[in-house]
1. Failed condition for ILE369, given (1) assigned to a loop (DSSP other than H, G, I, E, B); (2) within 21 Å of the chain's Cα centre (by Cα), with all others met?
2. How about the stretch 139-222: which helices (runs of 4 or more DSSP H) wholly inside it have at least 2 residues that are under 21 Å from GLU103 (Cβ atoms), in contact (Cβ under 8 Å) with a residue 60 or more places away in the chain and not acidic (Asp, Glu)?
3. Just to be sure, is ASP81 surrounded by 15 or more Cβ atoms within 10 Å (Cβ to Cβ), of a type in the set (Asp, Glu), assigned by TED's automatic domain parsing to the domain that holds ILE160 and more than 18 Å from LEU204 (Cβ to Cβ)?
4. If we keep just the residues of the stretch 94-122 that are hydrophobic (A, V, I, L, M, F, W, C) and farther than 22 Å from GLN190 by Cα, which is farthest from the chain's Cα centre (by Cα)?
5. Test each condition in (1) part of a helix (DSSP H, G or I); (2) under 27 Å from LYS270 (Cα atoms); (3) of a type in the set (A, V, I, L, M, F, W, C) for LEU437 and report the one that comes out false.
6. Out of GLU251, GLU262, I need the residue that is closer than 14 Å to GLN386 by Cβ, of a type outside the set (Val, Ile, Thr), modelled with pLDDT of 75 or more and over 31 Å from the mean Cα position of the chain (by Cα). Which one?
7. Mind checking whether some residue in the stretch 274-286 is more than 28 Å from the chain's Cα centre (by Cα) and within 18 Å of SER380 (Cα to Cα)?
8. Which of the residues belonging to the stretch 58-111 are modelled with pLDDT of 95 or more, touching a Pro at 6+ places or on another chain (Cβ under 9 Å) and small (Gly, Ala, Ser)?
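The values are calculated or read from the model by the stated rules, or taken from the named source; none is laboratory data. The shown structure was predicted, so the numbers you read here are calculated from the model rather than taken from an experiment. Here the Cβ positions follow ideal geometry from the backbone for every residue, glycine too, while neighbour counts run over all protein chains shown.
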Amino acid sequence: MTFSIIQKSQLEKMGRIDADYYQPKYLKLEKKLLYIPTDRMADISTSIVNFGAYSLCNYIVWQESGIPYLNVENIKEGYIDFENVKYIDEKVNEILNKSKVKEGQVILPMAGTIGNSAIAYKVPVKINSNQATAKITLKQNISPFYVTAFLNSYYGKMQIIREILSSVQPNIFLWQIKNFRIPVATKKKQAEIEKLWIKGLDELESSKKIYQQAEELLLKELGLENVIFEDRLSCVINYSDVVFNNRMDAEYFQPKYQKLIEKIKSQNAKSLGDLVSMKKGFEPGSEAYQEEGKLFIRVSSVSKLGIEEKDQKYLSDDLYRELKKNYEPKLGDILLTKDATPGIAYVIKEPLEGIISGGILDLKVKENIKSEYLALCISSIVGRWQAQRDAGGSTIAHWKPEQIRNLLIPILPMDKQKEIVEMVRKSHEARKKSKELLEEAKRKVEEMIEKQAN
């Protein structure tokens, strides 16, 4: 049990009476920042805004391409992720003129997944964002890379999380962001941090490009690179097809899916159930979640490029020991999401201590096929569209195990598999290097603070 003794004057000064705000770890953080020179975020910025689209939603029509429109889910630890971004047209972008994102701005989520901070680095010329993202434009003598590194460090992240006001959904507000304390750093130190952060972001971009090249090579080998897949407003099917598939939703019978299946079948296709064994994860219930402990890997944590530290939950050591024999993935296993965002596959590259949730399947390869190749097939349109077809028709997508077993996988010659796998491995190496560089930058910020505070 942890507790703090707080003076009434402190409560009045802070305007907060919730016990969580005065946890010892937050008081220790506050004390440490008091011992070093800091500036208010408002004093080192030229603007801090969060204008969005609460009253303009009727104007927004989502598109498959166009001008990126960021949500809080797109703000990762240090960078903007465009993987599942939504798009708007030029007209809406102009209507939402005040919420445009500019190169070099620091972006903070103000709702939902609070705690991450990103920098707009090498972003498209035109980009917009919703009302739950704060856009911070810093003064010229302050490096946005340094500020981003600090906000993602232990001291920055704890400062942000402490300020969360919980109701139905966690929130922070502009007045709180303006009062964040940013450690004063010399130009030399800022430049050192900036150099590391830029290198890390460049390695991340390299990782994404190499992975995309691997996907393009796969599609080329399957004869899918120039195939045009269109959603049709109508199509004609036989009643027997409805009965055989036990489906009558129009989306399931879109001709693009049949065209895809025909291409896959032309490449010595096999069902996923013939290639792997499958085991579903475990749901301990939200009451078992902890702030520290062993990893509890949920669907939101899994991406095709790795396990993301997104709103991470943990389990106690005792519960972990009880579950690890049956629900801890091993090196080389493939994690496959089946709920919410079905069809994301990732091969475990390093041993980990953690349990997978019930929305994830643990796949163990049993046939002569490369794990990295198989995961790429599943995460590409080859598998993702089959998942989209099978799991469609509900508010929250659920991909059933029997559907997953019937997922068709094209079996390319082993030399082509190896070529694709080598590209995927290079992508993961670049991503690992990126993480190391960003971690080094955060560590240098933390060391600077600790040295000044002692």
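1. So the condition that ILE369 fails would be (2).
2. On the way: elements: 144-152, 154-162, 174-178, 187-221.
Correct list: 144-152, 187-221.
3. Values: surrounded by 15 or more Cβ atoms within 10 Å (Cβ to Cβ): yes; of a type in the set (Asp, Glu): yes; assigned by TED's automatic domain parsing to the domain that holds ILE160: yes; more than 18 Å from LEU204 (Cβ to Cβ): no.
Considered against the rule, which asks whether it is surrounded by 15 or more Cβ atoms within 10 Å (Cβ to Cβ), of a type in the set (Asp, Glu), assigned by TED's automatic domain parsing to the domain that holds ILE160 and more than 18 Å from LEU204 (Cβ to Cβ), ASP81 comes out as no.
4. From the stretch 94-122, those hydrophobic (A, V, I, L, M, F, W, C) are 95-96, 101, 106-108, 110-111, 114, 118-120; that's our starting set.
Subset that is farther than 22 Å from GLN190 by Cα: 95-96, 101, 110-111, 114.
Details: ILE95: 28, LEU96: 25, VAL101: 19, MET110: 16, ALA111: 15, ILE114: 13 Å.
Taking the candidates together, the pick is ILE95.
5. (2)
6. Details: GLU251 fails: over 31 Å from the mean Cα position of the chain (by Cα).
Being closer than 14 Å to GLN386 by Cβ, of a type outside the set (Val, Ile, Thr), modelled with pLDDT of 75 or more and over 31 Å from the mean Cα position of the chain (by Cα) holds for just one of GLU251, GLU262, which is GLU262.
7. Keep residues of the stretch 274-286 that are more than 28 Å from the chain's Cα centre (by Cα), which gives 274-275.
Checking the rest, the ones that are also within 18 Å of SER380 (Cα to Cα) come to 275.
Yes, the conditions are met somewhere in the stretch 274-286.
8. Of everything in the stretch 58-111, just one residue is modelled with pLDDT of 95 or more, touching a Pro at 6+ places or on another chain (Cβ under 9 Å) and small (Gly, Ala, Ser), namely GLY104.
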